[in-house]
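What follows is one structure encoded as C-alpha cells, with my remarks underneath.
The values are calculated or read from the model by the stated rules, or taken from the named source; none is laboratory data. Not measured: the values here are computed from a predicted model. Quick reminder, even Gly has a Cβ in these numbers, built from the backbone with ideal geometry, and neighbours come from all protein chains shown.
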C-alpha cells in the first residue's frame, strides 16, 4: 500500500448510447483514479464535453447525458502524475479548430513533455493546463491538416514515455499503446449496441468491457495504433521490434482482479506470486490474511502453498474519504485505522501471516501491524508479494522520491523493526518472474532500470 493509482481511459465507437456506456466503463475503472472524470461525445457534427473533479458518480447526473448525445465517445478517470490536481488538468482534453474537433484521454506519463511543450510554445501554441496530455493533443492538432492518421503517427514518433491513448474526432476513435506496452489497453465488441449493429470499445482494462456487456477481443499490441470508423478497424504497427515491458504493478496492485492484461488474469498472477512467496519465505503460523483489496489473491496463494488456513482477518471501509483531507501528517497516517479494521475472532491468540502487495514508506504497514496486535494477534509475520521498491516511477505512477522509499534507505531488519513485525520477507524479483513464467515487464521501481530513458534524475 502507498502507491497511488494511475488513470483509466475508454473509447466507444458505434453505440447510440456511447455516453452511458462510457459512464459504465469509467465506473468500473474508478480504482485507477478518483480525482476527476470526464466524457466527450460526438453527435457526428460536434463534440460535446463534460468533466469535473470527483468520482464518476459525482461528476455525472441525468441532466448531463441529455447534452451528451452521439455514438462516438472517449472518457477518462484521473489520478495526477504530471500536472496539478485541478479542473484545468481534468480529461479528456478537447481542441476545436477550423478542421474539426479532437478529444484525447491519456493514461501514462511522457518523459519528454517539457521540451515538447517549450517547442510548441515557441511556435505559438498556448496551453490551458500543466498536463502532458495537452502536449499530445497540440502535436496532433498541429499536423491535422495532413490527415488524422498521419497526424497521430507523426505525434507518436515524437513523444517518449508511457501512454495508452483514446483519441476521437467527430466520426472516428483511435487507440494507441506505447511501443513498450507499459500501460495496458484492450479492445472489445458490444453486440447490437446501435440498432442491432455491433459497437467497439477500447479500455484500460477488460473489466470495463465486461461492465458494458461486451466481448473481449484482444489487447492492443505495444506500438500499435488502431483506427475505428465507418470503414471498420485499421491497425498500424510501429516499432515492432521493441520488447514488451508492461508495468508489473498492474498485476501486483493497480488492476482489478477480474481483469485480464496481455493474456494474464490479474487474480491468477497475484495467486501465483503468493505461492512463490510461501516457497521462498515460509514461517510457522496459524492463519494467513490478506490486506484488502490487492493483497487478498496473494494471501490465498500463500495459504494454499503453505497449508496454513486463509481467513478474512481484515475488512476495508469502502466509504472512507480521501486521506489527504486530514489537516496534519499524523492525522493522515492515522486514517489507516479508519480505512482498515481487524476481525478479532479471526486473529486473537493466533500467529498471523499478513500479506500485502508492497511497502512504500512503511507508515501504513506499521499502522497495520498495530491494528493486528490490538485485535489480539500473538505474532505478526509480514510478507510482501512484490520486491522491495527502491526507485521512483517516472512512467505514470505517483510514487514518493527515492529518499522517502523505506527499502531504498533501510535494510530488511531495520524495516522489520520500523513496522513492528515479528518477521518480514519480500518475494524476490526472480520469484516474481517465476510466478509469471516470463520476463516481459517494466521493473524500474525495483531495479532502477527503465524501458524508457527518464528525463529526471533518480
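Couple of notes before you dig in:
- Of 391, 382, all but one fail to be over 27 Å from residue 263 (Cβ atoms) and crowded, with 23+ Cβ neighbours inside 10 Å; the exception is 382.
- Those helices (runs of 4 or more DSSP H) lying entirely in the range 352-458 with at least 2 residues more than 27 Å from residue 160 (Cα to Cα): 363-374, 406-409, 412-419, 429-436
- Exactly one residue out of 266, 276, 283, 287 is over 14 Å from residue 383 (Cα atoms), modelled with pLDDT of 95 or more and either over 24 Å from the mean Cα position of the chain (by Cα) or crowded, with 18+ Cβ neighbours inside 10 Å (or both), and it is 266.
- Complete set of residues in the range 31-49 that are buried (at least 16 other Cβ atoms within 10 Å of the Cβ) and over 19 Å from residue 203 (Cα atoms): 47, 48
- Residue in the range 51-65 that is in a strand (DSSP E or B), without any contact (Cβ under 8 Å) to a residue 60 or more places away in the chain and either surrounded by fewer than 20 Cβ atoms within 10 Å (Cβ to Cβ) or on the phi > 0 side of the Ramachandran plot (or both) present: yes
- Across the range 117-148, the qualifying residues are those that are within 26 Å of residue 233 (Cα to Cα) and without any contact (Cβ under 8 Å) to a residue 12 or more places away in the chain, and the one among them that is farthest from the chain's Cα centre (by Cα) is 146.
- Identity of the residue in the range 24-50, in a helix (DSSP H, G or I) and in contact with a strand residue (DSSP E or B) (Cβ under 7 Å, 6 or more places away or on another chain), that ends up farthest from residue 361 (Cα to Cα): 25
- Test: residue in the range 125-134 that is in contact with a strand residue (DSSP E or B) (Cβ under 7 Å, 6 or more places away or on another chain), surrounded by fewer than 16 Cβ atoms within 10 Å (Cβ to Cβ) and at pLDDT below 95: no
- From the options 415, 427, residue that is under 30 Å from residue 344 (Cβ atoms) and buried (at least 23 other Cβ atoms within 10 Å of the Cβ): 427
- Residue match in the range 149-165 (condition: farther than 22 Å from residue 220 by Cα, in contact (Cβ under 8 Å) with a residue 24 or more places away in the chain and surrounded by 14 or more Cβ atoms within 10 Å (Cβ to Cβ)): no
- Among strands (runs of 3 or more DSSP E) entirely within the range 125-206, having at least 1 residues that are farther than 30 Å from residue 86 by Cβ and in the same structural domain as residue 107 (by TED's automatic domain parsing) singles out 186-194, 197-203.
- Considering the range 335-348, and only residues there that are under 30 Å from residue 284 (Cα atoms) and surrounded by 15 or more Cβ atoms within 10 Å (Cβ to Cβ), the residue that is modelled with the lowest pLDDT turns out to be 336.
- The residues in the range 290-320 that are buried (at least 17 other Cβ atoms within 10 Å of the Cβ) and part of a helix (DSSP H, G or I) can be counted, and the count is 10.
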